[in-house]
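Remarks on the structure that follows.
Just so you know, all these numbers are worked out from the coordinates, no wet-lab data involved. Since the structure is predicted, the reported quantities are computational estimates derived from the model, not experimental observations. Please note: Cβ atoms are built from the backbone with ideal geometry, for glycine as well, and neighbour counts cover all protein chains shown.
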Amino acid sequence: MVASSILAAAPAAGAPPERIVSLNMCTDELVLRLADAGRIASVTWLSQDPRNANMAETARRVPANHGLVEQVLALKPDLVIAGAYTTRATVGLLKRVGVTPREFGVPRNLAEMRAQIREMAALLGEPARGEALVAGIDARLDALAARSPARPLRAIVLRPNGFTVGRGSLVDEILTRAGLVNIAAELGIDSYGQIPLETVALSGAEVLVLNDTPDGPPSLAHEVLHHPVIERLAGRLRLVALPSRLWTCAGPSVVDAIEHLVRATEANP
């Protein structure tokens, strides 16, 4: 079967795509924010779950996919969007049949996040919506900057399987923008790395940020978040449960994460 028989006709030069398929939860969110639902042929099933996704209500208005080649081709898209680190087998197979997905990476800071929003908006033919989204984010960031604490509190992030997040990551900037000092960055941890609970206990942390998925299924990976050491630490530092959907993908939800941290650290311990 040749590619021309399984794909929708490509849009005319300069015309925005009308059958958009997204294969990654984070690209889903940007597509759902920037394009009308009638132009979206499919997003991933993950984006329809409000426990994990920020645009679940909108996502439920369009068909869901599980990242399978057969599903993508049956939808006859004129644009396929993927994440640089997900659905790799599907992306490879699509390229073999003449479909080249547009791949988006993971922003490492707010500047890269703004650039990605603008890139996605241009790809979808919605540059004005992209600029409006960025302007809204920046306005909220400016308002939050005025609420920075007089003394930055020392904080560490703890995620499932004992992972933390250090420098060179969007999470590091989220903490900084919330007026927190990221202890993992001080320890020389780059991006994601595991950290012993003993280090967490002895790090001088004043705030412990726990990755949280409300009503999520139980898993061994999350057991570390309920370890007795963590429960004991609750007596001398602030435990902040941050919903994973707020800081998993780069977009306006990142500002929600910053605001959540600011509110938690403004409150009396």
Can you give the log10 of the normalised intensity I(q)/I(0) at q = 0.19 Å⁻¹, computed with Debye over equal Cα scatterers of segment 141-266?
-1.07
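Within 10 Å of each residue's Cβ, count the other Cβ atoms and sort Glu18, Glu198 from fewest upward.
Values: Glu18 18, Glu198 9.
Ordered from fewest to most neighbouring Cβ atoms within 10 Å, Glu18, Glu198 come out as Glu198, Glu18.
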Quick one: compute a quarter of the convex hull surface over the Cα atoms of segment 161-205 and quote it in nm².
3.0 nm²
Where only alpha carbons of segment 7-127 are counted, the Rg and the Dmax (Å):
13.3, 39
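Let me know the whole percent of all Cα-Cα pairs from segment 68-200 that are separated by more than 25 Å.
Above the 25 Å cut-off, segment 68-200 has 48 percent of its Cα pairs.
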Overall Cα dimensions of the chain, principal axis frame, Å, largest first
64, 40, 32
Burial ordering of Arg39, Arg159, fewest other beta-carbon atoms within 10 Å first:
Arg39, Arg159
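For Ala146 and Arg232, calculate 0.36 nm times their separation in residues minus their Cα-Cα distance, and state this gained length in nm to one decimal. Display every interim value, and only then the final one.
Details: separation 86, 0.36 × 86 = 30.96 nm, distance 3.32 nm.
Stretched out fully, the Ala146 to Arg232 stretch lengthens by 27.6 nm.
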Contour excess over end-to-end distance, with Cα ends at Asp49 and Ala135 and 0.36 nm allotted per residue:
28.2 nm
